[in-house]
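Q: Handing you this structure, nothing more for now.
The values are calculated or read from the model by the stated rules, or taken from the named source; none is laboratory data. What you are looking at is a predicted structure, and each value in this text was computed from that prediction instead of being measured. Every residue, glycine as well, gets a Cβ built from its backbone with ideal geometry; the counts of neighbours run over all protein chains shown.
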Amino acid sequence: MMVHQNFCRIILATLVAGIPQGLFAHDGASLPYGSFLGGLTHPVLGLDHFLAMVSVGVVSAQIGGRAMWTIPATFVVIMALGGLLGFFYVGLSAIEVGIAFSVLVLGGTIALDKRVPMVFALCAVGVFAVFHGYAHGAEMPAVANPYTYVAGFMMGTIVLHIMGVLVGDIAQHYGKGKVMLRVAGGAIAGTGAWFLVGAA
């Protein structure tokens, strides 16, 4: 285990050392509260990320059963891989379009209140997670500690997923709760469409 961790650190350090100096335009002011909080606030304070993360939790609750933890867990794991791609700028394009589309689709799914097949939901959130993760990784300040920054945006995402699961689950037990949830889903989908127009 220790050998594996040391190997990963050596690889990461080597790749970071090869990043052009022009990318180090950020200074310490970009992370006034440290790398962890910088990563934590990235999905929380970005409206597109926030809406998508909460919506993943709500959709998971609408499906119910194992989906309430497997879908958010899948998102977090694949998002971390997407963050790695973004950190090394592998050239994935249309990131903002992908993020906006995720908000639109997730909001629409909530509004329709349909139990989508779990396999489809897993595949969809997996694709969406790549775009969100890529954005987190690509926008990581150069002065940030990669490990704590990644831990931060993963923790922020997990918290938002849990929030969405709680909201979605509670709404299932109240008559007007489902209606309010569908209205909120429609508003999220509309916001996603607005994001999409702006990103196109």
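Q: If only one of Gly185, Gly198 is part of a helix (DSSP H, G or I) and either in contact with a Pro (Cβ under 9 Å, 6 or more places away or on another chain) or surrounded by 22 or more Cβ atoms within 10 Å (Cβ to Cβ) (or both), which one is it?
A: Matching residue, one of Gly185, Gly198: Gly185.
Q: Would you point out the residue of the stretch 186-200, among those that are within 11 Å of Glu96 (Cβ to Cβ) and among the small types (Gly, Ala, Ser), that is modelled with the highest pLDDT?
A: If we take residues in the stretch 186-200 being within 11 Å of Glu96 (Cβ to Cβ) and among the small types (Gly, Ala, Ser), then Gly198 is modelled with the highest pLDDT.
Q: Turning to a different aspect of this structure: Checking the structure you have, find out if any residue of the stretch 140-152 is within 13 Å of the chain's Cα centre (by Cα) and either on the phi > 0 side of the Ramachandran plot or surrounded by 17 or more Cβ atoms within 10 Å (Cβ to Cβ) (or both).
A: yes
Quick grid of which residues meet (1) buried (at least 20 other Cβ atoms within 10 Å of the Cβ); (2) farther than 30 Å from Ile170 by Cα; (3) without any contact (Cβ under 8 Å) to a residue 40 or more places away in the chain; (4) not small (Gly, Ala, Ser):
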position	(1), (2), (3), (4)
Pro72	yes, no, no, yes
Gly86	yes, yes, no, no
Val116	no, no, no, yes
Phe131	yes, no, no, yes
Gly137	yes, yes, no, no
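Q: Against the definition (under 15 Å from Phe128 (Cα atoms), at pLDDT 95 or above and among the β-branched types (Val, Ile, Thr)), how does Val58 come out, yes or no?
A: no
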